[in-house]
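Quick notes on the structure that follows.
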Amino acid sequence: MSERETWTTRVGFIFAAVGSAVGLGNIWSFPFQTGSNGGAAFLLIYLLAVFLIGFPAMMMEFVIGRGSSMNPISAFEKLGYGNWSVAGALGVFTSIVTLAFYSVVGGWVISYIAGSLTGAYFGDAGTFFGAVSAGPTSVLTHALFMAITIGIVAFGIQNGIEKATKVMIPAIIVLLVGLAAWGATLDGAAAGYEYYLSPDFGYLAANFASIVPSAVGQAFFTLSLGFSVMVAYASYLGRDDSLPADGGAIVVVNTLVALLAGFVVFPVLFAIGAEPGSGGLGAAFVSLAGAFGQIPGGSILGFVFFIILLLAALSSSISLLETPTSYVVDNYDYSRKQVATGLGALVWAVGIPTALSTNTLGWYNAVVFNLLLPVVVLLFAVFVGWVASDLSADEIGRGTTLDAGFATTWLWWVRIVIPVAIGLTLVLGIQSLLIRAGVLEAAVILG
Ligand code: TRP
């Protein structure tokens, strides 16, 4: 067993957690979920979900992580509830499944960076997407993406993850601001902003039941909740840091990055009159890439956009690999390099089917989003709110100047509001899985 590292600075922790949170979820799925769910109507519900459900749920993982200073599986034993290790383990399992297809999408991004330089997707983005998204190219770029991820994780917390994310996050923000400024000069800007920012309440009322679970699922995914990742990261945290302050900073920065991505994507799509949100999983890679091919200066715009996407994807994938790696390194006598490589190879293998078929990738994504993720968050909520509530109340207040009322409110929120919200999400999520499987008729959903 090796000596446990801690973050060199509190800012190092925040950067790494933001790195985990900021990813394909912000720049790829957020704008396209917004696009396919009515624009500003979705944005509104999403923001509520992030702050009312996501933020308090993040505190749950922090409490378990810092309360135990252990990896997510051993954490529960350390706290005296060995049976609950199942919850942590399920989170780690979810990380492995997620990384498997996340890395495939990361591989697509690599192909698009190359394609921006050669102009390969400018004429016909759909054909290009077909060629790089499923098949030998995709298996190869998936391997490349995993290799980079393994390389960073092998260096450990301080030399690998902290150093990498400290460069990546500022780079992502600066580049996105630049692209958004460019977007403002496009012809489609006004129409894009209108769609993005001015909610259609009629649409919202009519589609409430489908918007809510998508927004809650997206909030969890984008904040990396339900994966035990925040448990793992908070376990490296010092005793007297304020969990709500750190969590607040992470949530705010993560939300800003997603909002910025919308300020890039909508003007670009409206500039060429593309339908926002059409095209499912491939959307960013077909409609957006197609738009880059058509607008003046689009090739540079596209290149920068896909570089940002790669940085964001990597800052998340290292965190997804870190969770299982930290568990094995804590418990078995292998070096970090060996473990990162072994697990990385396993993840690569698990992802191969999704590199061969975008339909399979859609399935992995749907199972994670609709089932695994809400189940894990629900288990955490029951544990933190009901099972280990003394410890939770104690731990949330540590290092803060907030009064006891804050801890009590949070605890009741975790006990009641979060489980109810997730219960609802889960029912709707399972329904949508059954529809995907052809077991239920689409019309059954949401009455
Ligand atoms: N939050 C990441 C994103 O928005 C994706 C993600 C989900 C993630 N769960 C995670 C990243 C766990 C790291 C660890 O793209």
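Could you give the alpha-carbon Rg of region 315-409 over 2.2 N^0.38 Å, rounded to two decimals? Before the final figure, lay out the partial values.
Values: Rg = 18.7 Å, N = 95, 2.2 N^0.38 = 12.4 Å.
Relative to the 2.2 N^0.38 Å estimate, region 315-409 comes out at 1.51.
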Distance from region 382-427 to region 162-187 (C-alpha centre basis), Å: 35
In Hz, Karplus ³J(HN,Hα) per residue of region 314-330 (6.51, -1.76, 1.60; θ = phi - 60°; x = Gly, Pro): 5, 5, 8, 5, 5, 6, 5, 7, 4, 4, x, 4, 5, 5, 5, 5, 5
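Would you mind estimating how fast the chain diffuses translationally, via Stokes-Einstein at 20 °C and 1.002 mPa s with the Kirkwood radius over Cα pairs, in µm²/s? Mind dumping the intermediate values first?
On the way: Rh = 21.9 Å.
Once the numbers are plugged in, D ends up at 98 µm²/s.
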Environment charge at GLY248 (Cβ cut-off 15 Å; Lys +1, Arg +1, Asp -1, Glu -1): -2
Ordering of 293-300, 223-230, 62-69, 319-326 by packing [mean C-beta count within 10 Å, highest first]: 223-230, 319-326, 62-69, 293-300
Degrees between helix 55-68 axis and first principal axis of the chain (Cα, 0 to 90, nearest 10): 40
Alpha-carbon centroid distance for the pair region 307-366 / region 26-70, whole angstrom: 22
Rounded to 10°, Cα long-axis angle of helix 136-154 versus longest principal axis of the chain: 40
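Throughout, read-outs are computed from the coordinates displayed, never taken from laboratory work. Given the structure is predicted, the values throughout are model-derived calculations rather than measurements. All Cβ positions, even for glycine, are placed from backbone atoms using ideal geometry, and neighbour counts span all protein chains on display.
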